[in-house]
Amino acid sequence: MFDYGAAGPYAVAFGAGGEMWITLVNTGELVRRTPDGRERRFAIGERPGQLIVTAEATWCAVTGADRIAIITSDDRLNFIDVPGGPYGIAAVGPYALVTLMQDNKLAEVSRDGLRSEVAVPLDGAYPAMATSHRDGSVWVSLNQRGALARRDAAGDTELLMLPDGAAPVGIAAAGEHIWSADIARGSVLRVDSDLQVRDFDFAPDSRPHAVIADDTGCWFTEWGANRLGRITAEGEVSEYDLSGIGEEPHGLALDGDGVVWVAFESGVVAGIKL
């Protein structure tokens, strides 16, 4: 467990070499922690949101600063201005697809700059998180319109409307499934390859937030209930109380040893072996 005090750990991800990356939402920093315990901090701006790690670089959406921070393997830090409230981010080949919450758009960004923008085909959708699928598409949670958007490799977008009252946030693709955390209804959704949606319901005030997945199922944070949840590919459900570790669990990542790492905005990042 790593303690960052009042800095506010928010999102967490791993690189291919086992290095851990953490966004600190209250201090505007991105932390890299190597497997041998060395740590470096990069000042990237106000309210960093989600991040991804690719073979070429680490990318982070800096919501409050309206920009993308890119750190290359030789530690060069570059910024791409992307107005509109960037928050979620997913890898698309050598590029990144970024959600612009305030402008209701999706932006494609390269290491050299903003390449293109496209409006989400639902007004006031508030696009939140994004995930890459193995077929080359990107799925995006549309938080304020109760829908998921799928943008294919050709750039075409289709919508999947969710049950009434849904407000999806976290989203992850693995195997045949898309998983999404529905913060409003206390549910986790599984979208099958035939686009059928299955609800897994939890306490209404559990407020599921982040989700990660692999071929065995998904893990998700219950922000309101201070729990970690698990749903297997077969639909078996487990919940784990996180009391005594931290509060306000947000980001999730899975390391190479099968340990689930949780970023608690109350101050710590903890690894949990289930």
Considering residues that are buried (at least 20 other Cβ atoms within 10 Å of the Cβ) and either of a type in the set (Ser, Thr, Tyr) or part of a loop (DSSP other than H, G, I, E, B) (or both), the number found within the range 5-27 is 4
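On the basis of being farther than 25 Å from Gly49 by Cα and in contact (Cβ under 8 Å) with a residue 24 or more places away in the chain, does Val211 make the cut?
Numbers: farther than 25 Å from Gly49 by Cα: no; in contact (Cβ under 8 Å) with a residue 24 or more places away in the chain: yes.
No; evaluated as a whole, the condition is false for this residue.
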Conditions (1) open to solvent by 20 Å² or more (accessible area, probe 1.4 Å); (2) closer than 18 Å to Ser141 by Cα; (3) not β-branched (Val, Ile, Thr) -> Arg67 fails only (2)
| Ile89 vs. criteria open to solvent by less than 40 Å² (accessible area, probe 1.4 Å), farther than 25 Å from Glu247 by Cα, touching a Phe, Trp or Tyr at 6+ places or on another chain (Cβ under 7 Å) and of a type in the set (Val, Ile, Thr) | no
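Quick one: in the range 201-218, which of the residues that are under 17 Å from Ala184 (Cβ atoms) and assigned to a loop (DSSP other than H, G, I, E, B) is least open to solvent (accessible area, probe 1.4 Å)? Let's see the steps before the verdict.
Kept after step one, since they are under 17 Å from Ala184 (Cβ atoms), are these residues of the range 201-218: 201-211.
Next cut, assigned to a loop (DSSP other than H, G, I, E, B) only: 202-207.
On the way: Phe202: 28, Ala203: 37, Pro204: 105, Asp205: 103, Ser206: 0, Arg207: 98 Å².
Among those that are under 17 Å from Ala184 (Cβ atoms) and assigned to a loop (DSSP other than H, G, I, E, B), it is Ser206.
Of all residues in the range 38-57 being assigned to a loop (DSSP other than H, G, I, E, B) and of a type outside the set (Val, Ile, Thr), which is most open to solvent (accessible area, probe 1.4 Å)? Explain how you work it out, then say what you get.
Taking the range 38-57 as the starting set, the residues that turn out to be assigned to a loop (DSSP other than H, G, I, E, B) are 38, 44-47, 54-56.
In the following step, the residues that additionally are of a type outside the set (Val, Ile, Thr) were identified as 38, 45-47, 55-56.
Values: Arg38: 155, Gly45: 21, Glu46: 113, Arg47: 115, Ala55: 101, Glu56: 88 Å².
Here the residue is Arg38.
Of the residues that sit in the range 219-274 and are among the hydroxyl-bearing types (Ser, Thr, Tyr) and part of a strand (DSSP E or B), which one is surrounded by the fewest Cβ atoms within 10 Å (Cβ to Cβ)?
Pass one, the range 219-274, residues among the hydroxyl-bearing types (Ser, Thr, Tyr): 221, 232, 238, 240, 243, 266.
Those still in the list that are part of a strand (DSSP E or B) too: 221, 232, 238, 240.
Working: Thr221: 30, Thr232: 11, Ser238: 13, Tyr240: 15.
Here the answer is Thr232.
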Residue hits (the range 178-199; open to solvent by 10 Å² or more (accessible area, probe 1.4 Å) and either in a strand (DSSP E or B) or within 21 Å of Ile245 (Cα to Cα) (or both)) are Arg190, Val197, Arg198, Asp199
Scanning the range 131-169 residue by residue, those open to solvent by 50 Å² or more (accessible area, probe 1.4 Å), more than 19 Å from Arg198 (Cβ to Cβ) and part of a loop (DSSP other than H, G, I, E, B) turn out to be Arg134, Asp135, Gln144, Arg145, Ala153, Ala154, Asp156
- Task: State whether one or more residues within the range 58-69 are more than 17 Å from Gly251 (Cβ to Cβ) and part of a strand (DSSP E or B).
- Result: yes
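So how many residues does the range 112-130 have that are open to solvent by 20 Å² or more (accessible area, probe 1.4 Å) and either under 17 Å from Ala96 (Cβ atoms) or touching a residue at least 60 places away in the same chain (Cβ under 8 Å) (or both)? Please lay out each step first, then the result.
In the first step, residues of the range 112-130 are kept if they are open to solvent by 20 Å² or more (accessible area, probe 1.4 Å); the result is 112, 114-119, 121-124, 126.
Then keep just the ones that are either under 17 Å from Ala96 (Cβ atoms) or touching a residue at least 60 places away in the same chain (Cβ under 8 Å) (or both); that gives 112, 114-118.
Residues flagged as open to solvent by 20 Å² or more (accessible area, probe 1.4 Å) and either under 17 Å from Ala96 (Cβ atoms) or touching a residue at least 60 places away in the same chain (Cβ under 8 Å) (or both) within the range 112-130 amount to 6.
The values are calculated or read from the model by the stated rules, or taken from the named source; none is laboratory data. As the structure is a prediction and not an experimental result, all values here were calculated from the model. Note that we place each Cβ from the backbone using ideal geometry, even for glycine, and neighbour counts take in every protein chain shown. What goes into the accessible areas is simple: the full protein's heavy atoms, side chains included, and nothing from ligands, DNA or RNA. Shrake-Rupley method; radii C 1.70, N 1.55, O 1.52, S 1.80 Å.
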